[in-house]
Amino acid sequence: MSERRAAVSCPGASGRNRDEASRCAIIGAFRSRVLRVTRLSVFFPAYNDAPSLPPLIDKTFAVLREHSAWFEVIVINDGSHDNTAEVLAQLRARYGERLRVITHPENRGYGGALRSGFAAATGDFVFYTDGDGQYDVGELPLLLERMAPDVGLVNGYKLERQDPWHRIWIGVVYNRFARLLFRVRLHDIDCDFRLIRRSLLDDIRLTSTSGTICVELVRKLELSPYRVVEVGVHHYPRVHGRSQFFRFRSLATTFIQLARLFVNLVVLRR
């Protein structure tokens with residue numbers, strides 16, 4: 001990686017609360033020493049996220065042009081039933097070859113979508129977040145700033161979760177349970193705002209097809225010789241669609257896969 005000066009704008013910062021204004025100032029101060037990652041892959045798993053994708057992709061390209069000498073953007077259309085395919089075709093026409101689309105004819109689950117994204121990414125560093133727009137890709141520079149030669153994962157943690165109370169409660173219980181069971185040091189396992197060194201992804205094998213993949217991924221990355229760094233990021237209310245994770249069938253699948261994962265990673269240590 002090499003350094004260069006880059007401008008980072010924070011439109012509308014004057015109208016934000018004190019916390020967001022402070023965060024904007026941090027990003028602005030970062031422009032004098034931003035690290036330009038030589039090759040960066042960014043991907044988004046998407047399932048019925050058509051309304052949120054255009055602003056997400058537009059902002060992603062704006063950020064990447066400032067912070068990476070070479071980049072690619074990949075969207076995994078995980079068997080969407082809405083007009084996600086049509087929206088992605090329009091975005092491809094706008095951005096050309098730098099926007100790649102991988103389509104699953106049928107939904108493979110969150111883990112299946114992430115595994116496709118990791119397999120498709122060709123950069124030296126891989127960043128991903130969800131396609132529903134609950135995280136601000138404009139905060140990616142905060143992760144890039146913390147990447148270093150001895151760091152393998154820079155993971156966000158939610159400064160404040162913006163979800164209905166029942167989702168917050170389930171998320172807290174799940175996070176504490178998974179951290180205790182798998183001896184994970186990361187504070188926010190289900191914060192899918194991650195920058196990963198590609199060489200580490202080549203060294204691990206992911207098997208989960210559900211949201212369990214986050215536990216599997218983090219646990220295996222923590223076992224590497226590289227450090228894990230955490231950065232606070234904002235979390236926003238979901239404006240379009242609904243989460244697939246907080247459904248009975250998805251939760252049941254997740255806990256079944258957690259049990260299998262526990263046997264493999266903790267009991268059998270493989």
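The values are calculated or read from the model by the stated rules, or taken from the named source; none is laboratory data. What you are looking at is a predicted structure, and each value in this text was computed from that prediction instead of being measured. Backbone-built Cβ (ideal geometry, glycine too); neighbour counts: all protein chains shown.
When Tyr174 is tested against (1) hydroxyl-bearing (Ser, Thr, Tyr); (2) more than 17 Å from the chain's Cα centre (by Cα); (3) under 23 Å from Leu64 (Cβ atoms), only condition (3) is not met. Scanning segment 47-64 for residues that are touching a Ser or Thr at 6+ places or on another chain (Cβ under 8 Å) and among the polar types (S, T, N, Q) turns up just one, Asn48.
Rundown of residues vs (1) aliphatic (A, V, I, L, M); (2) in a helix (DSSP H, G or I); (3) touching a strand residue (DSSP E or B) at 6+ places or on another chain (Cβ under 9 Å); (4) free of Cβ contacts under 8 Å to residues at least 60 places away in the same chain, yes/no style:
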| position | (1), (2), (3), (4) |
| --- | --- |
| Lys59 | no, yes, no, no |
| Glu72 | no, no, yes, yes |
| Asn77 | no, no, yes, yes |
| Val87 | yes, yes, no, yes |
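So, of the residues in segment 200-256 that are modelled with pLDDT under 80 and part of a helix (DSSP H, G or I), which turns out to be nearest to Tyr47 (Cα to Cα)? Top of the filtered list is Ser250. Going by the structure shown, is Asp203 buried (at least 20 other Cβ atoms within 10 Å of the Cβ) and not basic (Lys, Arg)? So Asp203 does not fit the description; no. A residue that is of a type in the set (Asp, Glu), surrounded by fewer than 22 Cβ atoms within 10 Å (Cβ to Cβ) and closer than 26 Å to His234 by Cα cannot be found anywhere in segment 101-122. Once segment 94-120 is narrowed to residues that are outside any helix (DSSP H, G or I) and among the basic types (Lys, Arg), the residue that is nearest to Phe44 (Cα to Cα) is Arg100. Among the residues of segment 119-130, is any closer than 22 Å to Ala89 by Cα and of a type in the set (D, E, K, R)? The answer is yes, given that some residue of segment 119-130 is closer than 22 Å to Ala89 by Cα and of a type in the set (D, E, K, R). Could we say that Leu153 is surrounded by 17 or more Cβ atoms within 10 Å (Cβ to Cβ), under 19 Å from Pro45 (Cβ atoms), modelled with pLDDT of 95 or more and in contact with an Asp or Glu (Cβ under 9 Å, 6 or more places away or on another chain) here? Answer is yes for this residue. Filter segment 206-220 down to the residues that are crowded, with 22+ Cβ neighbours inside 10 Å and among the hydrophobic types (A, V, I, L, M, F, W, C), then identify the one that is nearest to Phe177 (Cα to Cα). Here the residue is Val215. Look at (1) loosely packed, with under 15 Cβ neighbours inside 10 Å; (2) farther than 30 Å from Arg146 by Cα and you find that Arg92 fails only one, number (1).
Kindly list, by first and then second residue, each pair from a residue in segment 90-107 that is over 14 Å from Ala120 (Cα atoms) to a residue that is among the hydrophobic types (A, V, I, L, M, F, W, C) and assigned to a helix (DSSP H, G or I), limited to pairs with Cβ atoms under 6 Å and residues at least 6 apart or on different chains. Short answer, once both residue conditions are applied: Leu91/Ile57. Taken across segment 36-45, residues that are among the hydroxyl-bearing types (Ser, Thr, Tyr) and in a helix (DSSP H, G or I) do not occur at all.
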